[in-house]
């Protein structure tokens, strides 16, 4: 069973290639953290594939409340973007955008043929990807006196999937840690029993 804040995504761009009756469907799966990243990728793909008829895509972006988008780019409604999106959802991926570039081969595929081709192009591309697990995290800051370094570090080590992003062990010490969202409430109360350590959730 996955951690409640875990999600699957991709580490780097992957490629796929599906062909049907002369048409080529080239897939490109990108890690994508925001909708603003999509248009520059579309523009780049159009420039790299000037003879292509369509650059269709779908995305699932956002760690907490992901938004689902799809674009048919001139193909009949629901025949391109939606099949691509459904493959992303079937693979349970998040923070990704998947583009399928179509080169028309001279034979019309009809709506069922297009749906299948874009689905298979997306599926092949996902199959070629290196899928990784990430966590939806928030930042928590610990402030403490130097002699509390041991207890603080031990407490942080016990938080599942915690990641230290900065530390300062001067006279007034600070430690900033990214931890899964579901662990934040417990973390801020770890040192309620002492005034020597304060814990603050930075993203709330």
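FYI, it's all coordinate maths here, none of it is from the lab. Remember, predicted model here, so these are calculated numbers, not experimental data. For neighbour counting, all protein chains shown are included, and Cβ atoms are generated from backbone atoms with ideal geometry for every residue, glycine included.
Mind ordering 83-95, 135-147 by average Cβ neighbours within 10 Å, highest first? Show your work: numbers first, answer last.
Details: 83-95: 20.1, 135-147: 17.5.
Those peptides, ordered most packed to least, come out 83-95, 135-147.
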- Note on the structure: Candidates 189, 49, 161; GNM for the chain (alpha-carbon contacts under 10 Å) flags as most fluctuating 189
- Task: Obtain the nm distance between the two label points defined at residue 2 and residue 46 by a simple spin-label model: each point lies 7 Å from its Cα along the Cα-to-C-beta direction.
- Result: 3.3 nm
- Work out the P(r) tail for the chain: percent of alpha carbon pairs separated by more than 22 Å, whole number. 56 percent
- Query: How many nm is it between the label spots at residue 131 and residue 163, if each spot is 7 Å from the Cα in line with the beta carbon?
  - Reply: 2.0 nm
- Message: Connecting C-alpha atoms closer than 10 Å in a GNM of the chain, tell me which of 122, 170, 162 has the biggest fluctuation.
- Response: 170
- Item | Förster radius 22 Å - calculated FRET efficiency between residue 107 and residue 15, Cβ distance, rounded to 0.05 | 0.35
- Query: Build a GNM of the chain with springs between Cα atoms under 10 Å: which of 72, 185, 17 gets the top mean-square fluctuation?
  - Reply: 185
- Added length on full extension, which subtracts the Cα-Cα distance from 0.36 nm per residue, residue 178 to residue 33: 50.5 nm
- List the pair-distance distribution P(r) of the range 158-204, using every Cα-Cα distance, as the percent of pairs falling in each 10 Å bin from 0 up to the bin containing the longest distance, rounded to whole percents. 22, 58, 19, 0
- Task: Would you order 173, 32 from fewest to most other beta-carbon atoms within 10 Å of each residue's own beta-carbon?
- Result: 173, 32
